[in-house]
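Taking it in order: structure first as structure tokens, then the write-up.
The values are calculated or read from the model by the stated rules, or taken from the named source; none is laboratory data. Remember, it's a predicted structure, so these values are computed and weren't measured experimentally. Ideal geometry is used to build each Cβ from the backbone, glycine not excepted, and the neighbour counts take in all protein chains shown. These accessible areas exclude ligands, DNA and RNA; they are computed on the full protein's heavy atoms, side chains included. Shrake-Rupley method; radii C 1.70, N 1.55, O 1.52, S 1.80 Å.
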Amino acid sequence: MTEAALHLYTTPLAFLPKESFISERYQRAHKVLIPVVTSAASTKWSAHTVLTGHTGHIEQVAFALNYTRVVSRDTDNTLSLWDIESGSLIGKQSAGSVKGKQVAIKHFTVSPDGEEVAFVTKSNNIYVLSAITGALSGEPIDASAEEILHITFCPNRRRIITSSISSTMFNVLRLWDLEAQTTVGNPMRLDVPTTCMCLSPDGTMLVSVSIYGHCPGKGLVIAWSLEDYSQVVSYTMSRVGYMKCIRFCPDGSYFATWTRDGTIHLRLGHTGERMLELCSTRTNDPVDDVVISPSGRHIASYNFGGSTVYLWEVKSGLVLNHHTLVGHEMDIRYLLFSPEGDRVVSISLDQTVRVWNTHTGEGLQSFFTGYTGTIMLPELSQDWRYLLTVGLSNQINIYDVSHQCQGEEKPGDERSFAVPVIAFSPLGDIFACGFTEYVSKPYIQRWSVETTQPLGEPMTGHTNGVRCVAFTSDGQIIASGSDDCTVRLWSSSTGNALWTIPTEMNTVERIAFTFTGEVMVLGSNHKIYVINTKAKNVVWSTGKENSNSELVLSADNSKIAATCDNGVGIWDVLTGKQMARCDISGRIFHLSFHPQRDLLAICSYTCIYLWEFNSGQIPSLELQIKYENGFQLGFTLDGKYLLYGDLVWNVQSKRPRKLGPGDIRVDLGSYEQSLIYRDGWIYYVATRGPLLPIPSHLREQFFDWTAFYNLILVWTQDKLPVLVDCTPFFH
């Protein structure tokens, strides 16, 4: 609020439904001050809670305190505790903040009663957090002599078990008493590293799975007695991976382990004796997860990358019934039985929650009618009231089954996780969009910038996902490249097909036109094509040894810069002669020519290289960055400044100088990305200051965003555009 207090008042007016009373009253009166948000999608508020605040990708989420709390951890080593009802942050532990020590949090576990959270730092200290208050309790346990791999609470005492690697490279399982902060009993040693472990419900037996050699490989399963720390039974499995592959029956009568070749092994809970083996109808497919009903009578599983649920009814070591549950269209990510065991729920990447009758295998009416956002790390409360999902924009979505509306999607809408590929016309009146994979009928659609409504019918013809779109400089022609190895040209005014160009590429990833539109440059992951659009012939192409997924034309259209194997090359547009090359390791995301000098900016994941390519020298200047999705790389038209997102360098001297927020405002000239989105805000690049906060329920849609001068364009999950015009801020 101290940086942009006024914007917090304009934001609600910008994002209110247009038909609302407040919108109609105040938008007319304050039109010149309020950003314009137009969308072909519904503008109603979503009926779910959104938790925002993580800056890194969320890697772990869990319920706590009888489903009134949520615990989350991200790649920035931050652990957060949230209240579900209010959505407020109860407590937060981050790198460097735990009792004043420089730490990084790498894993956590929740106690069976949900009242405590134990987490491990990269320095291998164990801390305990109260899920009630969010405060740390007691002193940390120093386990720094070993590298902790896994941690879990014991079910009946304030004890935890850790799996770690000792200095002698033995894998060690240890039992710790949280009150005394010491180990209990004898360490349980193995010669091979443990990939996962699971405790019996009564806390008397621990089952561990270890792997020999490379993953996936032969696995060793050992059941340990926690009364005398001896091995009860051990057996091998043919192929296991690093994912979880053990689960106990809730009553402890048996446990299941599973393999990467499709086999589920059932063993008696207290003796480890062999009970039964189950196989899905599709053998050799790796089992991803197995769940067991509260009574232990039913077992459900799904395979890695599979959309089918396999359901068994077992009793006294016999299979009574077996059902194959078909209905999902994409990978399943979660299974859970109802408390009564008569139903099982499955959650899939197709954004559906399906419910099945465990006795008959038939589908039942779902309790969640639909929801938006990417389905990552789903978690469902045992009473089936709350559903957690993690969004790509580092947010946590909480859906409550008691709400009538779970999301904005309409029944029957095609759901897709395809990435939009977008190009704006240089005239600024229309934009074109296609989609990558997961689209059953590939197409390109023209849209009006003014209304965000589609113009004409979709342009169809591609037989696979669309990878890139581009306009000619006069805005008259749209080109689209596809995974079907073709480029298609279309009239931007009518949408009619003009020309189809087959290529020898396995996919077309980049398209660029010269000023006149007579020359079109295509790039893929192994080849460059230069095509004369008037003569309709290939002028030249590179050999397949090149990897040219990123390319750019120089300001005078005489040179092409493109990534090639382990580096960057520069070619003459007319002759195809390679003029220069430099070796750079790692992936390259963006390239940009200086408008006057023989200087090329090369953006990798961690730095920007500046290459004076006519000098014959390798890139000698490196500007430190962190790659951000959506950020573009470019020079201003006068060549004074280099920009990446909201980072700006003055490049007029030999040593570029990074500008700070207090420096003079940058003249962006014709630089297209004057706006960026980051951490819930739209920023203005020229001043490097926050411009417009985005409501939390919309931030998921801003994972894929495109900036065009004063506009930012995002897409909903049902493939409809939302356009934010920030021009009123610049009056």
A careful count of residues in region 329-360 that are closer than 22 Å to GLN382 by Cβ and open to solvent by less than 40 Å² (accessible area, probe 1.4 Å) gives 18
Listed by range, strands (runs of 3 or more DSSP E) wholly within region 505-617 having at least 3 residues that are under 25 Å from PHE471 (Cα atoms) are 510-513, 519-523, 528-532, 537-541, 551-553, 559-564, 567-572, 588-593, 599-604
In region 125-163, anything of a type in the set (Lys, Arg) and either in a loop (DSSP other than H, G, I, E, B) or in contact with a helix residue (DSSP H, G or I) (Cβ under 6 Å, 6 or more places away or on another chain) (or both) is listed as ARG157, ARG158
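So, in region 675-731, how many residues would count as being of a type in the set (S, T, N, Q) and either modelled with pLDDT of 85 or more or not in a loop (DSSP other than H, G, I, E, B) (or both)?
Of the residues in region 675-731, 5 are of a type in the set (S, T, N, Q) and either modelled with pLDDT of 85 or more or not in a loop (DSSP other than H, G, I, E, B) (or both).
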Selection from region 269-291 of residues outside any loop (DSSP other than H, G, I, E, B) and open to solvent by 60 Å² or more (accessible area, probe 1.4 Å) yields ARG274, GLU277, CYS279
Subset of region 668-689, residues of a type outside the set (Val, Ile, Thr), open to solvent by less than 30 Å² (accessible area, probe 1.4 Å) and over 14 Å from VAL648 (Cα atoms), comes to TYR677, GLY680
In region 106-123, anything in a loop (DSSP other than H, G, I, E, B) and surrounded by 20 or more Cβ atoms within 10 Å (Cβ to Cβ) is listed as SER111
- Can you spot a residue in region 137-146 that is farther than 12 Å from TRP176 by Cβ, within 33 Å of the chain's Cα centre (by Cα) and touching a residue at least 40 places away in the same chain (Cβ under 8 Å)? no
Checked region 361-378 for anything in a loop (DSSP other than H, G, I, E, B) and either at pLDDT 85 or above or open to solvent by 20 Å² or more (accessible area, probe 1.4 Å) (or both); matches are GLY361, GLU362, GLN365, SER366, PHE367, THR369, THR372
Q. Does LYS44 fit the bill of being surrounded by fewer than 16 Cβ atoms within 10 Å (Cβ to Cβ), modelled with pLDDT under 60, in contact with a Cys (Cβ under 9 Å, 6 or more places away or on another chain) and not in a strand (DSSP E or B)?
A. yes
Per the list (1) surrounded by fewer than 18 Cβ atoms within 10 Å (Cβ to Cβ); (2) within 28 Å of LEU199 (Cα to Cα); (3) out of contact with any Gly (no Cβ under 6 Å at 6 or more places or on another chain), residue check on LEU266 breaks on (1)
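Residue by residue, here is whether (1) surrounded by fewer than 17 Cβ atoms within 10 Å (Cβ to Cβ); (2) under 32 Å from the mean Cα position of the chain (by Cα); (3) among the charged types (D, E, K, R); (4) closer than 17 Å to ALA707 by Cα holds:
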residue	(1), (2), (3), (4)
LEU591	no, yes, no, no
HIS594	no, no, no, no
ARG597	yes, no, yes, no
LEU600	no, yes, no, no
SER604	no, yes, no, no
ASN614	yes, no, no, no
ILE618	yes, no, no, no
PHE631	no, yes, no, yes
ASP638	yes, no, yes, no
Filtering region 466-502 for residues that are assigned to a loop (DSSP other than H, G, I, E, B) and in contact with a Phe, Trp or Tyr (Cβ under 6 Å, 6 or more places away or on another chain) leaves a count of 2
Only one of VAL192, VAL184, VAL209 is without any contact (Cβ under 8 Å) to a residue 60 or more places away in the chain, open to solvent by less than 40 Å² (accessible area, probe 1.4 Å), part of a loop (DSSP other than H, G, I, E, B) and within 29 Å of THR236 (Cα to Cα), namely VAL192
